[in-house]
């Protein structure tokens, strides 16, 4: 039989045992089982496709890359330019190959630096500078050669183009090449505007010796500055290296084609 004293001792021992058990459980930490890790996999290297250069036509050094990712809708050329496949196959190939092989290289060097379009009604190929947003011809004053190509001749103009947010009402221009001035007579500038921007453009026929000589002076100069002259206002344009190169190559192409 339990006496009162022994009963109290029993309860006291039971409480102590439970307390010890609780403390022991709290102090025991179960180490988490590490999750299995997969072995590192080697990164796959991008596939490098080597260019396959194919001559564009007989007699020309310019080639196109047959492995270019956008070929044949877009042709990547060995001179660093891009050519639309439908332009080449649609009309440019036949035009270039209408000339003897020895003339094709300079003709291609000039044409591929410009954008072209075939006018089915007039039967001519129109050309003008490539107006990429990052280039010198997009929404900016510039100097360029523009015109039309026919089977045995071309019509070409030296284009003086002012672009800005204010009208000049230009009547003439002045060009200074390495300190040597050329003052134009009064000439007609075509005017237009859109969205707060205005532009005024004059075209000088390159079949005239003085304008052809002016173009050559600009190409060969270290520095060429054009001043568009209005009655009260003017604006200056420094000819960029890109403009010089495009004009130079197009002049060489026109020499092979012939300018009327």
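The values are calculated or read from the model by the stated rules, or taken from the named source; none is laboratory data. Not measured: the values here are computed from a predicted model. We place every Cβ from the backbone using ideal geometry, glycine too, and count neighbours over all the protein chains shown.
Across the range 178-190, not a single residue is classified as touching a residue at least 24 places away in the same chain (Cβ under 8 Å), at negative phi and within 28 Å of the chain's Cα centre (by Cα).
Within the range 156-199, the residues that satisfy the criterion of being over 26 Å from residue 220 (Cα atoms) and part of a strand (DSSP E or B) are 164, 190, 191, 192, 193, 194, 197, 198, 199. The sole residue among 198, 124, 146 that is within 27 Å of the chain's Cα centre (by Cα), in contact (Cβ under 8 Å) with a residue 12 or more places away in the chain and outside the structural domain of residue 259 (by TED's automatic domain parsing) is 124. Within the range 201-210, the residues that satisfy the criterion of being in contact (Cβ under 8 Å) with a residue 40 or more places away in the chain and within 20 Å of residue 229 (Cα to Cα) are 201, 202, 203, 204, 205. Counting the residues of the range 211-260 that are under 28 Å from the mean Cα position of the chain (by Cα), outside any helix (DSSP H, G or I) and either in contact (Cβ under 8 Å) with a residue 24 or more places away in the chain or surrounded by 16 or more Cβ atoms within 10 Å (Cβ to Cβ) (or both) gives 12.
Take the residues of the range 104-121 that are over 23 Å from the mean Cα position of the chain (by Cα) and under 18 Å from residue 148 (Cβ atoms): which is surrounded by the most Cβ atoms within 10 Å (Cβ to Cβ)? Here the answer is 119. Restricting the search to the range 162-183, which residues are in contact with a helix residue (DSSP H, G or I) (Cβ under 9 Å, 6 or more places away or on another chain) and either surrounded by 15 or more Cβ atoms within 10 Å (Cβ to Cβ) or at pLDDT below 95 (or both)? 175, 177, 182, listed by residue number. Counting only residues that are surrounded by fewer than 18 Cβ atoms within 10 Å (Cβ to Cβ) and in contact with a helix residue (DSSP H, G or I) (Cβ under 7 Å, 6 or more places away or on another chain), the range 136-161 holds 1 of them.
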